[in-house]
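The values are calculated or read from the model by the stated rules, or taken from the named source; none is laboratory data. Because the structure is predicted, anything quoted here is derived from the model rather than measured. Cβ atoms come from the backbone with ideal geometry, glycine included; neighbour counts cover every protein chain shown. When the accessible area is computed, the model is the full protein with side chains, heavy atoms only, and any ligands, DNA or RNA have been set aside. Shrake-Rupley method; radii C 1.70, N 1.55, O 1.52, S 1.80 Å.
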Amino acid sequence: MPGTGILPAPAIIRCSCSTNLAIWNAAGNIHSADGWEAVLKPVVARYQGKVSRIYFRADAGFANPEVYEYLEAERIKYAIRLPANRVLQERIGYLLQRPVGRPSNDVRRSYANFTYQAGSWNKPRRVVAKVEWHPGELYPCVGFIVTNMSRPAENVVAFYNKRGTCEQWIKEGKGAIKWTRLSCRSFAANAVRLQLHALAYNLGNFLRTLATPEPIKEWSLTSLKEKLIKIGAKVVSHGRYVAFQMAEVAIPRNLFADILRLIAELRPPPAAAST
């Protein structure tokens, strides 16, 4: 934002296939969940009735009773990190006692689940706790998750931990697409620039998902960009055609032909002529 010294901060909603469902630019001095309705509700409306189940996971920034109530009203299963407090710590006090005996060389991991109602909540909700004792550490690592899932506590934690995979995709967007380079003078210009970056990311991800042969199926977007997109070519114009002469150092000819074939197969078949 010009004149304030406050940098814009991208916020992203992603699906499990690493595609960006929504992305918006927010001022760096507001809470990370401010304006969640304007972003989340259109995404839910877009997919409600088109998929069998919608799941939502988020960090403690979205530990808001309004978010819980909305997700429950829409019958969306969620797992949201819950900030620790004295009451929650007391509920799992028996797990916070240092294990008796010689310390193990392995991580000791315990789970618990119980019903809890904060003062701002309209009803009790299920909370899952995970306690980890790491070798050489004096105190355990403790985490709480509020959820409306019925699966076992360990599975709820495993579902929530997949947020780490999404964080890696966000890091990939920063590295390959450079979508944090929002250096325009106006906030609106940076917002448009961020949307263009998100579009470029999704196009690259669609290419990687739908039109990459098996030998390069696991390539990152950075590799695809540097070896396939930003590759030099010599343009040779003839009377009836134009040829792009490209070096085979990065992408061999047969591999490039397979990519073009896969892209062509994405086109719908021509409509049959009516008689």
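Points to keep in mind about this one:
- Computed over the chain with a Gaussian network model linking Cα atoms closer than 10 Å, the most mobile of His238, His197, His134 is His238.
- Residue pairs exceeding 23 angstrom between C-alpha atoms, taken from Lys50/Lys178; Lys50/Lys171; Lys77/Lys171; Lys171/Lys227; Lys41/Lys178: Lys50/Lys178; Lys50/Lys171; Lys77/Lys171; Lys41/Lys178.
- Carbon/sulfur fraction of accessible area - segment 116-250, other protein chains in place, 1.4 Å, %: 55 percent
- Note on segment 183-229: Rg/Rh from Cα positions, Kirkwood definition for Rh, rounded to two decimals, is 1.15.
- Size descriptors for segment 114-187: radius of gyration and Dmax over Cα atoms are 18.5, 50 Å.
- Debye intensity ratio in log₁₀ form over the Cα atoms of segment 36-185, taken at each q of 0.13, 0.17 Å⁻¹: -0.74, -1.07
- Overall, the accessible surface of segment 38-97 at a probe of 1.4 angstrom is composed of carbon and sulfur to the extent of 49 percent.
- Percent of C-alpha pairs per 10 Å bin in the chain, short distances first: 5, 20, 24, 23, 16, 7, 3, 1, 0.
- A Förster radius of 45 Å, combined with the Cβ-Cβ distance separating Glu132 from Glu69, puts the computed FRET efficiency at roughly 0.90.
- The modelled label-to-label distance between Ala233 and Tyr139, using points 7 Å beyond Cα along the C-beta direction, is 5.8 nm.
- Solvent exposure ordering (accessible area, 1.4 Å, most first) of Glu214, Glu72, Glu248: Glu214, Glu248, Glu72
- Overall dimensions of segment 132-275 by Cα: Rg and Dmax, Å: 22.9, 80
- Val242 sits with roughly 80 Å² accessible to a 1.4 Å probe, with DNA, RNA and ligands left out of the calculation.
- Per residue, the chain exposes 62 Å² of solvent-accessible protein surface, assessed with a 1.4 angstrom probe and all protein chains in place.
- Pairs of Cα atoms farther than 19 Å apart, segment 210-275, %: 47 percent
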